[in-house]
Amino acid sequence: KRPEEITLFEVYQSLHNEDPQWGRMADTTGEGLFGAKVRESFTRIMTDINVQVTQVLGNYTIADLVE
């Protein structure tokens, strides 16, 4: 592909095979009712973060970096 056709999200995906670091936040919530509520909130927040990262990085290409 030409630099104009390669988004930064594609680059990000190719370099990061693991879950994003913020995805591990839910693992710290503990057990019980409070932990479940916090985990639910973290899940919504992490989904929003993933959507934003995808959208922002998808708006830029390799060519944009060198302009």
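Here the dipole of the chain is about 220 debye; that uses its Cα centre as origin and unit charges on the Cβ of Lys and Arg (positive) and Asp and Glu (negative).
Residue 44 contributes about 140 Å² of solvent-accessible surface, heavy atoms of the protein only, 1.4 Å probe. Under a Gaussian network description of the chain, with springs only between Cα atoms under 10 Å, the residue in 43, 29, 54 that fluctuates furthest is 29.
Using the Karplus relation 6.51 cos²θ - 1.76 cosθ + 1.60 with θ = phi - 60°, the per-residue 3J(HN,Hα) values for region 52-67 come to 5, 4, 4, 5, 5, 5, x, 7, 10, 10, 4, 4, 4, 5, 9, 6 Hz, with x marking Gly and Pro. For the chain, the solvent-accessible area works out to 79 Å² per residue, with a probe of 1.4 Å and every protein chain left in place.
The values are calculated or read from the model by the stated rules, or taken from the named source; none is laboratory data. Treat the numbers as computed from the prediction; the structure is a model and nothing was measured. Cβ: placed from backbone, ideal geometry, glycine included. Neighbour counts: every protein chain shown. When the accessible area is computed, the model is the full protein with side chains, heavy atoms only, and any ligands, DNA or RNA have been set aside. Shrake-Rupley method; radii C 1.70, N 1.55, O 1.52, S 1.80 Å.
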